[in-house]
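The values are calculated or read from the model by the stated rules, or taken from the named source; none is laboratory data. Bear in mind the structure is a predicted one, so any value in this text is a computation, not a measurement. Using ideal geometry, Cβ is built from the backbone for each residue, glycine included, and neighbour counts are taken over all protein chains shown. All accessible areas refer to the heavy atoms of the entire protein, side chains included, with ligands and DNA or RNA removed. Shrake-Rupley method; radii C 1.70, N 1.55, O 1.52, S 1.80 Å.
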Amino acid sequence: MAEIRETYEGPPDNKNSYTAPCNLFTGGGDKSSTLSTPHCQERQMGPSGDNDNPAPITAPSRRRFLVGTAAALGAGAGLCLPGTAAAQSRRTAAGAAATATVYIAGDSTAQTYRAGYYPEAGWGQTLPGFFTQNITIANHAIGGRSSRSFIEQGRLAAIHQAIRPGDYLCVQFGHNDATVSNPDRYTSPADYKEYLRNDYIRATRARGATPIVVTPVSRRSYNASTGEFNVSFPAYVNAARAVAAEERVPLVDLSELSRVFLTRLGVEQSKGIFLWLAPGQYPNFPNGVQDNTHFQLKGATEMSRLVARAVSGLGLPLSGEVIPARQGSSV
């Protein structure tokens, strides 16, 4: 029987380790243009996909902890994450074509996966193909993180160390924030909204960069009677929309865009978007898998197409760097 993965709890059980990606991609879809991060050693993670285990933090002290973490890392104690040193070298290298970096803060639905997980992919992994070579994508998304734990582990501070005026930060959380059963991840919709406001939006703007709020991408969840796909994590979707409006920042409503896309595609055809694989179909998943949260490469590409198409209509300098010919869906 195929493995069923309804919610994210790290890489599949038949995988022994996970390696955090340490690279950047310039746009244009040319993976030969990968900019490696020489000093950033790949870090092995256990089956949970989580090698960072911060000490428990009580609710009253959490905000103080996050402010302290950001201050310490801003002073130079940074994590070795994709897009940090490489983004700096991009700006100083003679003849470098890239003019802006798009950083991605998010979870496993957006992250970059090693070849050992093919065809599993995240939308941040396939996003570079939709932008010109003037744009570098620095994908910091990593599985199992919520808006809160991404900050607690210093990952946002590492982005803020590298980000420069004219750059962008796309932030998509919600899937792991909603896991009430996991206190290391759970973040209430109210707290999620304030993390977005203070840590992702205002702190990014203070550095002269542009935050872009991305609502959580839809899961394969639908009304069996009508075939209409459901809104996944509605409380978090609404909070993201609200804070984007309140702070007057660009919004990519990936929740609605993906929901409409999947409804039009149909329940059965949507299996080809998500990680539904038959036993023996791919060597990396010999027993098959039925995963209603994560994407195979085709699905990740379609999700990144939705993101790029939305960015093209935001009226930002970045909007003009979306490649028009690649905005049409292939399904």
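At q = 0.19, 0.22 Å⁻¹, what is the log10 ratio I(q)/I(0) for segment 199-331, with the Debye formula run over Cα points and no solvent? For the requested q values the scattering log ratios are -1.12, -1.29. Mind running the shape call on segment 214-280? Use the C-alpha gyration tensor, a ≥ b ≥ c as the square roots of the eigenvalues: rounded below 1.5 for a/c, prolate if a/b tops b/c, oblate otherwise. It comes out prolate by the Cα gyration axes.
Place the peptides 123-130, 200-207 in order of packing, highest mean first, counting for every residue the other Cβ atoms within 10 Å and averaging per peptide.
With the highest mean Cβ count within 10 Å placed first, the list reads 123-130, 200-207.
What does the charge count near Ser304 come to, summing +1 for each Lys or Arg and -1 for each Asp or Glu among other residues with Cβ under 12 Å from its Cβ?
Counting the neighbours of Ser304, the net charge comes to +3.
Take the alpha carbon gyration tensor of segment 164-208, find the square roots of its eigenvalues, order them as a ≥ b ≥ c, and report rounded if a/c is under 1.5; if not, report prolate when a/b exceeds b/c, else oblate. Don't jump to the answer; show the numbers that get you there.
Working: a/c = 3.68, a/b = 2.48, b/c = 1.48.
Prolate is the answer for segment 164-208, as a/c is 1.5 or above and a/b outweighs b/c.
Accessible area per residue, 1.4 Å probe, Å², for segment 218-259: what's the number?
Details: 1860 Å² over 42 residues.
Dividing the accessible area of segment 218-259 by its residue count gives 44 Å².
Residues whose amide H lies under 5 Å from that of Phe274, counting only those 5 or more places away or on a different chain, are Gln296; hydrogens are built 1.01 Å from N in the peptide plane.
Would you mind getting me the FRET efficiency between Gln327 and Asn287? Use the beta-carbon distance for r and R0 = 41 Å, nearest 0.05. So, using R0 = 41 Å, E works out to roughly 0.65. Label-to-label distance, Asn230 versus Thr132, with points set 7 angstrom from Cα along the beta-carbon direction: 4.3 nm.
Near Ala141, within a Cβ-to-Cβ distance under 11 Å, what is the net charge of the other residues, with Lys and Arg +1 and Asp and Glu -1? Could you put the intermediate results ahead of the total?
Numbers: positive: Arg145, Arg155; negative: Asp107.
Result for the local shell: +1.
Between the amide H of Ala100 and those of Thr136, distances stay under 5 Å, these residues lying 5 or more places away or on another chain, with hydrogens modeled in the peptide plane. With both labels modelled 7 Å from their Cα along Cα-to-Cβ, the Leu297 to Arg114 distance reads 1.8 nm.
For segment 144-193, averaging the sequence separation of C-alpha pairs within contact (under 8 Å, six or more residues apart) and dividing by the residue count gives a relative contact order of 46 percent. Distances between placed amide hydrogens fall under 5 Å for Val252 paired with Val213, Val214, Thr215, all partners being 5 or more residues away or on another chain.
For segment 248-331, the list of GluC sites (Glu not before Pro) that fall in a loop by DSSP and count at most 15 other C-beta atoms within 10 angstrom reads Glu268.
Accessible area per residue for segment 124-192, computed on protein heavy atoms with a 1.4 Å probe, is 23 Å². Take the alpha carbon gyration tensor of segment 90-205, find the square roots of its eigenvalues, order them as a ≥ b ≥ c, and report rounded if a/c is under 1.5; if not, report prolate when a/b exceeds b/c, else oblate. In terms of gyration-tensor shape, oblate.
Students often check this: by mean Cβ neighbours within 10 Å, which of 283-295, 211-223 ranks highest, and how do the rest follow?
Numbers: 283-295: 19.3, 211-223: 23.7.
Going by the mean number of other Cβ atoms within 10 Å, highest first, we get 211-223, 283-295.
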